[in-house]
1. Please go through (1) within 22 Å of the chain's Cα centre (by Cα); (2) closer than 18 Å to Ser230 by Cα; (3) not basic (Lys, Arg) for Val125 and return the number of the only condition it doesn't satisfy.
2. I need the full set of residues from the range 248-272 which are in contact with a Lys or Arg (Cβ under 9 Å, 6 or more places away or on another chain) and not hydrophobic (A, V, I, L, M, F, W, C), in order please.
3. Going by the conditions given, is Pro120 modelled with pLDDT under 90, within 30 Å of Ala173 (Cα to Cα) and assigned to a helix (DSSP H, G or I)?
4. List the pairs whose first member sits in the range 224-252 and is closer than 17 Å to Ser147 by Cα and of a type in the set (A, V, I, L, M), whose second member is modelled with pLDDT of 90 or more and in a loop (DSSP other than H, G, I, E, B), and whose Cβ atoms are under 9 Å apart, counting only residues at least 6 apart or on separate chains?
5. Report yes if some residue within the range 61-69 is crowded, with 16+ Cβ neighbours inside 10 Å and touching a helix residue (DSSP H, G or I) at 6+ places or on another chain (Cβ under 8 Å); otherwise report no.
6. Quick check: anything in the range 126-138 over 25 Å from Val185 (Cα atoms), without any contact (Cβ under 8 Å) to a residue 40 or more places away in the chain and of a type in the set (Gly, Ala, Ser)?
7. Can you say whether Gly141 is assigned to a helix (DSSP H, G or I) and in contact with a helix residue (DSSP H, G or I) (Cβ under 7 Å, 6 or more places away or on another chain), as far as the supplied structure shows?
8. Kindly list, by first and then second residue, each pair from a residue in the range 153-170 that is touching a residue at least 40 places away in the same chain (Cβ under 8 Å) to a residue that is part of a loop (DSSP other than H, G, I, E, B), limited to pairs with Cβ atoms under 6 Å and residues at least 6 apart or on different chains.
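The values are calculated or read from the model by the stated rules, or taken from the named source; none is laboratory data. It should be emphasised that the depicted structure is a prediction, and the values quoted were computed from it without experimental measurement. Note that we place each Cβ from the backbone using ideal geometry, even for glycine, and neighbour counts take in every protein chain shown.
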Amino acid sequence: MASSETKPESTSDLAAGTLRRDSSVEAGLDALENIATAPRSFRQVFATKILPPITAVAVVLVAWYALYPIVDNPTKLPSPGAVASAFKDAWLQGELLDYIWTSVSRGLLGFAFALLIGTPLGLLVARVKFVRAAIGPILSGLQSLPSVAWVPPAVVWFGLNNSMMYAVILLGAVPSIANGLVSGVDQVPPLFLRAGRTMGATGIKGIWHITLPAALPGYVAGLKQGWAFSWRSLMAAEIIANFPDLGVGLGQLLENARTASDMAMVFEAILLILFVGIAIDLLIFSPLERWVLRSRGLLVKS
């Protein structure tokens, strides 16, 4: 006669059943999150992406036009038309792109050097307790030090040349990149590191496959801040260390305009510096940040 008793499930069977249930729930949630959405129309893209910055620029221009007659002093506040004429003259003389390229090439090359130095330094500080205790506070202090403070000693050390510019950029950007990576590594869950060691990802392999990918959000934030510091450092160096053999970058253009008391050119230089900073962020760092967020399922769809 067949027994009617039910055999108790073993611990492994219970764990397997629980795992299957959890997996099915997770798969269901993922399916809900990954429902394909219809492509947005041009009207929606225009309303959410294009119209807001156009509106902000229009508000600034209206305020500028309204404020100019009140100030009524072109040596203090130039008219928008005078600034537009300065842009036109620089373009027709073939100098506008030269101003931009001189500064952008220095800034990007100096930032690349800072990236090569700041990344291993950040990993070293994050993973070695003695190194963190020794130079961690120094990196934080350097990050808060104004970049302009490095220009006089850099001129003494390297002279009036591009090496001085790169030195100032490095001293301004490396601490931000290193501290950003340290912050990212500190937020890596210990479970990831243990899983990596179990699978044989140790040493350089563990850093490349486990630590760096998991620390990407903090690292990208450090890169973004590092670029901001490097761009500001370069502008300070170009303004202070003005020398004909260095070429005319945006900082030199601003200083030349101040010396000539040409406020239209001053505003031209300021707007160009602002434009380059925004363009680099939109072209490089914003897509990188979106990719990191999207790869972790953190990008909010609007």
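1. (2) is the only condition that Val125 fails.
2. Once the filter is applied, which keeps residues that are in contact with a Lys or Arg (Cβ under 9 Å, 6 or more places away or on another chain) and not hydrophobic (A, V, I, L, M, F, W, C), the range 248-272 yields only Gly249.
3. Values: modelled with pLDDT under 90: no; within 30 Å of Ala173 (Cα to Cα): yes; assigned to a helix (DSSP H, G or I): yes.
It is false that Pro120 is modelled with pLDDT under 90, within 30 Å of Ala173 (Cα to Cα) and assigned to a helix (DSSP H, G or I).
4. So the pair list comes out empty.
5. Restricting attention to the range 61-69, the residues satisfying the condition of being crowded, with 16+ Cβ neighbours inside 10 Å are 68.
Subset that is touching a helix residue (DSSP H, G or I) at 6+ places or on another chain (Cβ under 8 Å): 68.
Yes, because at least one residue in the range 61-69 is crowded, with 16+ Cβ neighbours inside 10 Å and touching a helix residue (DSSP H, G or I) at 6+ places or on another chain (Cβ under 8 Å).
6. Filtering the range 126-138 for residues over 25 Å from Val185 (Cα atoms) gives none.
So far as the range 126-138 goes, no, none of its residues is over 25 Å from Val185 (Cα atoms), without any contact (Cβ under 8 Å) to a residue 40 or more places away in the chain and of a type in the set (Gly, Ala, Ser).
7. Numbers: assigned to a helix (DSSP H, G or I): yes; in contact with a helix residue (DSSP H, G or I) (Cβ under 7 Å, 6 or more places away or on another chain): no.
Judged against the criteria, Gly141 is not a match.
8. Pairs that qualify, where the first residue is touching a residue at least 40 places away in the same chain (Cβ under 8 Å) and the partner is part of a loop (DSSP other than H, G, I, E, B), are Val155/Ala241; Leu160/Ala241; Leu160/Phe243.
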